[in-house]
1. Show me the strands (runs of 3 or more DSSP E) entirely contained within the range 96-151 in which 2 or more residues are within 16 Å of the ligand (Cβ to nearest atom) and within 21 Å of SER356 (Cβ to Cβ).
2. Criterion first (more than 30 Å from ALA340 (Cα to Cα) and at pLDDT 95 or above) does ASN75 satisfy it?
3. For residues in the range 315-338 being crowded, with 18+ Cβ neighbours inside 10 Å and hydroxyl-bearing (Ser, Thr, Tyr), which is nearest to VAL256 (Cα to Cα)?
4. What's the number of the condition THR301 fails, among (1) of a type outside the set (A, V, I, L, M, F, W, C); (2) in a strand (DSSP E or B); (3) within 15 Å of the ligand (Cβ to nearest atom)?
5. Of the residues that make up the range 62-73, is at least one of a type outside the set (A, V, I, L, M), in a strand (DSSP E or B) and over 27 Å from PHE284 (Cα atoms)?
6. Looking at the range 249-288, which of its residues are hydrophobic (A, V, I, L, M, F, W, C), surrounded by fewer than 20 Cβ atoms within 10 Å (Cβ to Cβ) and touching a residue at least 12 places away in the same chain (Cβ under 8 Å)?
7. So PHE222 fits all but one of (1) more than 18 Å from the chain's Cα centre (by Cα); (2) part of a loop (DSSP other than H, G, I, E, B); (3) at pLDDT 90 or above; what number is the exception?
Amino acid sequence: MTDSFIQLKCSCNNYPWGKKGHESLAAKYCAQTPGTDFRIEDNVEYAEMWMGTYPTTPSFVLSSGEKLQDVLNANKEKLIGRKVLSKYGSDLPFLPKILSIAKALPLQLHPNKDIASELHKKDSDKFADANHKPEIAVALSDFELFVGFKPLEEIHSLFEFGFLQRFLPSGEKGSKFDDETLQFICGALLRARGDVVREVVQEFQTQPKEKLGQHAYLLDLFPRIQDQYTVEDNGILVALFCMNYMKLKAGEAVYVPQDSIHAYLSGDIIECMARSDNVLNTGFCPQADRDSLDVFLKALTFEPHNANKAILPSKDSDKGSGKTVVYAPPAEEFNVLATALTDGEEETIKEIHGPSIMVVTKGSGSMNTPSHNLNLKEGYVFFVGQGVESRLKADPKGELVVYRAYCE
Ligand SMILES: [Zn+2]
C-alpha cells in the first residue's frame, strides 16, 4: 500500500538569472537528495527547484523512480482526498519552487484566467495553461524585489522632473494623475527607443542628491541594474520610476495577485503559485524574449499600489501547536505553513484535508508519522497525502525549518 509520506527527487532549471554553482540554494537542495546523480557544476546557473507534478519539471518518487503524478493518479482518494479531487482533479493545484536569484528576473506579470485562456487557445506551445497564476514569495535570506506600483503621489513627483515629462499624456488627459495616467506612462516607457532609455537614466544620474529627495536611493540602483542587462533595457525605467523596491528579511513574504507587475532582484526564496507556467515578459530580458506589449498592457493591473499592500503577513496556524505560522493569500489554490524549531523542540502538525508538499529549508531532525520515523535534512522534499498527522522534531543541538504548501 502506498505510504502517505513520499520522499521526492526534484530537479532544477538553469535560467541565466540563477545563482552559480554552490552559491545556489536551489542546486544545494537538489544535490541533498539521497542517492541522487545530481552534481553541482561551478560555472552553471541554477535558478529554480520545482516541487510537484507540473509536466515540464516533474518530481519523482525517490524510492521507486515513478513520477509523483502517476502515484497520485493511482491513489487519488487516499492521497488527494475527495474535496480537492472534485475541485481540481488529480493534478496538484499548486506548484512550490525554491528560487536562487543572482540578478533581476524578467519584468513580468501572470495573466488572469480570461486572458490566459485566450492566449492558450492561440498559442498553446507558449502558453501551456488556461489558468491564472497568483503567487507568493517567502524570503529564505535577504530578498530584494520590485513589486506593484509606488503610491501615485510618489510617481507623480518623479514625473515632474523635466526629463520625464515627455512620457506624460498631453492635453485634457495630462491635467490629472491617476491610474489611467500610469497606464499611459508604462506604455510610453516600455515603447521608448533604446537611446531614449539611456539618455533618461543619464539625466537622472546627474541630478544633485538633494534635488532627488526621497528618490535618491535610485542613484545606486540604476547602475546596478544597467550592469545586469543593457543600458537600453526599457524594464529599467518602469521598475525604478514606477514600481516599489522592497527588501525583505527571512520569513517575510509578498503576495503577487494575477496581472500584477513584478521582478525579483536578489536572494533565495520559496515561491508558491497556482498551477500554471504562463508569463508575459516585458523587460530585463533580450528584445526577442519580450511578449506583445499590447497584451501586457491590457492585462496589467495597478494593485498592489504601495509596498505595504504587497506584504503578506504570516499568522499563527491552527494546524500546528504554537511553532507554526501560515501564509494564507487570497488565492484558493494554496496556503503555506512554516514551522521553525530549535534544540530538540517538537511540533505536531495536525491532519490537512488535502495534498501537500513539504521542504526542509534549514537544519535537520526527524518526522514521526503513523508508519515511520523519517530523517529530515536540509533540502529534503516530501509529498504528504491528506488526512495524516505528523510530528516534527529538531536535532538536540540544532534547528529545523520546514515549509509546507497545501490545498484543502
Ligand atoms: Zn512571477
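The values are calculated or read from the model by the stated rules, or taken from the named source; none is laboratory data. Owing to the predicted nature of the structure, the values given are computational and were not obtained by experimental measurement. Every residue, glycine among them, receives a Cβ derived from its backbone with ideal geometry; neighbour counts consider all protein chains shown.
1. Where strands (runs of 3 or more DSSP E) fall fully within the range 96-151 and carry at least 2 residues being within 16 Å of the ligand (Cβ to nearest atom) and within 21 Å of SER356 (Cβ to Cβ), they are 135-139.
2. Spelling it out, ASN75 is indeed more than 30 Å from ALA340 (Cα to Cα) and at pLDDT 95 or above.
3. Top of the filtered list is TYR327.
4. All conditions pass for THR301, except number (2).
5. Yes: the range 62-73 contains one or more residues that are of a type outside the set (A, V, I, L, M), in a strand (DSSP E or B) and over 27 Å from PHE284 (Cα atoms).
6. The answer is ALA250, VAL279.
7. Answer for PHE222: the failing condition is (2).
Rundown of residues vs (1) within 24 Å of the chain's Cα centre (by Cα); (2) among the charged types (D, E, K, R), yes/no style:
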| site | (1), (2) |
| --- | --- |
| GLU45 | yes, yes |
| ASN73 | no, no |
| LEU85 | no, no |
| SER100 | yes, no |
